[in-house]
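Data block below; observations after.
The values are calculated or read from the model by the stated rules, or taken from the named source; none is laboratory data. None of the values given here were measured: they were computed from a predicted structure. Cβ placement follows ideal geometry from the backbone for every residue including glycine, while neighbour counts extend to all protein chains displayed.
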Amino acid sequence: MVLVLVLSAHPIGARAGVLMAGLLLAVPCFVWSPPFSRFLLMGIMCTPFAAATALVLAPPIPGIRARLAYLCSWCGTHPVNRRARGFDAASLLQLIVATAVLDAAIATVIAVPSSGRWLPVRWLAGGIMILAFGEMLTACFPLVATAFGLTVPPLMQSPWRSMSVTEFWTKRWNIFVSEKILRPYCFAPLARRSVALALFAAFAVSGVSHALLAFIALGRWRISLIWGTFFLVQPLLIAAERRLAVRRWPPAAARAWTLTVLAITSPLFVEPMLQGLSIQDRALTQTVGVLGCLIVFSGIVSLASLASCSAAPRCMPPNTTLEPTTTAPSTFD
């Protein structure tokens, strides 16, 4: 990440930073460690690559501190605000519950057979693992940031609360990639010609990138392609919910629709993920590993935000204007 920030001072250096961060994504393949640990390392090493991509797409920003502030403020669109240091009890409770759910889901995956009639239970537990992970990350960011006296932009926003597939992908799951990479550089340019084409293109880019990451980590093309196929199905779900006018449904019904259709398609994502992780150790060990990584990641983001802040209460890079995110159209809308 430090090298990415240094190289991004010049457009050519920024491109070199993207190449370097992309090549270093292969590092987990050469680490002698259980698959679960390599998977966590792969997830963490995606951060410098995402940062390098954001900086190469942005105009040159002078100064490492300004570039850091640009990244921490979600490319200048979500301000990092100072606040009184405190203890966020609600986020802690949310984190405890989500961690317990993750532990129970991992224990279920370990306990049930990986074939036969138990497959639906295995897939359901795997899907709950993913949603619990999203909830843990949702809680970790405000919990750690509050301790540092900051309010930082969220990366996740309780994905399980989504009331449509569109809301899941645009406003609750991996917000940075959705808002700052897929929407402006993939969806928006193509939407001028065809919204449907732009929608499929955005998910195709996501599917290809996930398939490549899976192949780097696992070295197995078949399972990697199945993983990528999951994203190609999502535009069909979005088209179906638009025809059904799911947004007009009561909240409970809309949430049930979202979780149900995601659960139906989840084996395309869950089974390759579980095979790749090869979870065999005790559930508590895996849970503690995930929790530790999320807390460390949230701490790094908070420290970077604090370092990029000036004495002003709102921390933004120089010559950056805040975009009206509350009224901007969502990705894939």
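Odds and ends about this structure:
- Test: residue in segment 214-224 that is part of a helix (DSSP H, G or I) and at pLDDT 90 or above: no
- Single residue of segment 156-197 satisfying the filter (free of Cβ contacts under 8 Å to residues at least 40 places away in the same chain and within 23 Å of residue 95 (Cβ to Cβ)) that is surrounded by the most Cβ atoms within 10 Å (Cβ to Cβ): 159
- When residue 84 is tested against the conditions (1) in a loop (DSSP other than H, G, I, E, B); (2) in contact with a strand residue (DSSP E or B) (Cβ under 8 Å, 6 or more places away or on another chain), the lone failure is (2).
- Tallying residues that are touching an Asp or Glu at 6+ places or on another chain (Cβ under 9 Å) and either among the hydrophobic types (A, V, I, L, M, F, W, C) or not in a helix (DSSP H, G or I) (or both) within segment 250-287 yields 5.
This table checks each residue for (1) among the basic types (Lys, Arg); (2) touching a helix residue (DSSP H, G or I) at 6+ places or on another chain (Cβ under 9 Å); (3) buried (at least 18 other Cβ atoms within 10 Å of the Cβ).
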site: 244; (1), (2), (3): no, yes, no
site: 249; (1), (2), (3): no, yes, no
site: 260; (1), (2), (3): no, no, no
site: 267; (1), (2), (3): no, yes, yes
site: 272; (1), (2), (3): no, yes, yes
site: 278; (1), (2), (3): no, yes, no
site: 297; (1), (2), (3): no, yes, yes
site: 302; (1), (2), (3): no, yes, yes
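- Failed item in (1) charged (D, E, K, R); (2) in contact with a Phe, Trp or Tyr (Cβ under 9 Å, 6 or more places away or on another chain); (3) under 30 Å from residue 246 (Cβ atoms), with residue 85 passing the rest: (3)
- Exclusive hit being over 22 Å from the mean Cα position of the chain (by Cα) and in a helix (DSSP H, G or I), set 100, 66, 105, 54: 66
- Residue ID - surrounded by the fewest Cβ atoms within 10 Å (Cβ to Cβ), chosen from residues in segment 8-38 that are touching a residue at least 24 places away in the same chain (Cβ under 8 Å), out of contact with any Pro (no Cβ under 9 Å at 6 or more places or on another chain) and not in a loop (DSSP other than H, G, I, E, B): 29
- Residue within segment 95-111 that is over 23 Å from residue 139 (Cα atoms) and surrounded by 18 or more Cβ atoms within 10 Å (Cβ to Cβ) present: yes
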